[in-house]
Amino acid sequence: MLKSVPEELVSLELSLPIWSRFFSVAPLIVVGTKEADGNYDLAPKHMAMPLGWSNYFGFVCTPAHRTYQNIRREHGFTVSFPRPEQVILTSLGAAPRCEEDSKPTLAVLPTFSASVIDSVFLKDAYLFLECQLDRIVDGFGENSLIAGQIVAAYIQQQALRVSDQDDGDLLLQAPLLAYLPPGRYAKIERSFSFPFHRGFQQ
Ligand SMILES: Cc1cc2nc3c(=O)[nH]c(=O)nc-3n(C[C@H](O)[C@H](O)[C@H](O)COP(=O)(O)O)c2cc1C
């Protein structure tokens, strides 16, 4: 028998995915991969995060997307973290493909080559990761977790934490782009020190 929960709570119907019923906070990244024809693909993803405290990074992708197929074949991908001013460029990476399966909007996305992985980054983003495929875990419904080991990483100077600068000032100077699924975004520039408990350790 179900235990009772506070009566003011609304029970979410599970016959459909729950994720469009409320807002949450997610990063917004652009994943770069190499296509079978030698061109490069860029696609935005928000279900993305570091996988632990070591240098691993993962994101969730459907096998129907070219990003997934490219990574399975090429065993590597790049991750660009766009700035808030780049939200439209980021969205262009998710434009529908044409009949011949190309994504013409990619032509307007400024890019530069990654150093280790055979792929590209979104130019003028603030953080850049090159990942070698570690593993793909299929079967989360129709979706899969793609896990990569970071083999190179670069950051814009103004986004780099340095010991003599206040972290709050850093974020004012280099604000972050957040995606608020299902369909809003935010520019994060005002932030507060987290109230860690005395003696807290990672
Ligand atoms: C804001 C935004 C966030 C997205 N997040 C994800 C995601 O986390 N996982 C995913 O599989 N697709 C996500 N998508 C959809 C794909 O990235 C998109 O459909 C893309 O065109 C797929 O391109 P591809 O076939 O070249 O891989 C997102 C799209 C947008 C606009």
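Among the residues of the stretch 127-149, what is the count of those that are farther than 17 Å from Asn70 by Cβ and surrounded by 16 or more Cβ atoms within 10 Å (Cβ to Cβ)? First the steps, then the outcome.
Just the residues of the stretch 127-149 that are farther than 17 Å from Asn70 by Cβ, to begin with: 127-128, 137, 139-142, 149.
Now restrict to residues that are surrounded by 16 or more Cβ atoms within 10 Å (Cβ to Cβ): 127-128, 149.
Going through the stretch 127-149 one residue at a time, the tally reaches 3.
In the set Val60, Val87, Val79, which member is within 13 Å of the ligand (Cβ to nearest atom), at pLDDT 95 or above, farther than 20 Å from Ile136 by Cβ and not aromatic (Phe, Trp, Tyr)? Write out each step before concluding.
Numbers: Val60 fails: farther than 20 Å from Ile136 by Cβ; Val79 fails: farther than 20 Å from Ile136 by Cβ.
The conditions single out Val87.
Would you point out which residue out of Phe112, Phe121 is away from the ligand (no atom under 16 Å from the Cβ), outside any loop (DSSP other than H, G, I, E, B) and within 27 Å of Glu85 (Cα to Cα)? Steps first, please.
Values: Phe121 fails: away from the ligand (no atom under 16 Å from the Cβ).
Testing whether each residue is away from the ligand (no atom under 16 Å from the Cβ), outside any loop (DSSP other than H, G, I, E, B) and within 27 Å of Glu85 (Cα to Cα) leaves just Phe112.
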Residue that is farthest from the ligand (Cβ to nearest atom) [pool: residues in the stretch 36-52 that are within 17 Å of the chain's Cα centre (by Cα) and assigned to a loop (DSSP other than H, G, I, E, B)]: Gly52
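Pick from Phe192, Phe196: which is part of a loop (DSSP other than H, G, I, E, B), more than 15 Å from the ligand (Cβ to nearest atom), free of Cβ contacts under 8 Å to residues at least 12 places away in the same chain and more than 19 Å from Arg83 (Cβ to Cβ)?
Phe196
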Pair list, Cβ < 9 Å and 6+ apart or interchain, from the stretch 34-60 residues that are touching a residue at least 40 places away in the same chain (Cβ under 8 Å) and over 19 Å from Ala152 (Cβ atoms) to residues that are among the charged types (D, E, K, R) and more than 15 Å from the ligand (Cβ to nearest atom): none
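In this structure, does Thr67 turn out to be under 15 Å from the mean Cα position of the chain (by Cα), surrounded by 11 or more Cβ atoms within 10 Å (Cβ to Cβ) and in a helix (DSSP H, G or I)?
yes
The values are calculated or read from the model by the stated rules, or taken from the named source; none is laboratory data. A quick note: this is a predicted structure, and the numbers were derived from the prediction, not measured. Because the Cβ atoms are built from the backbone with ideal geometry, glycine has one as well, and the counts that use them run over all protein chains shown.
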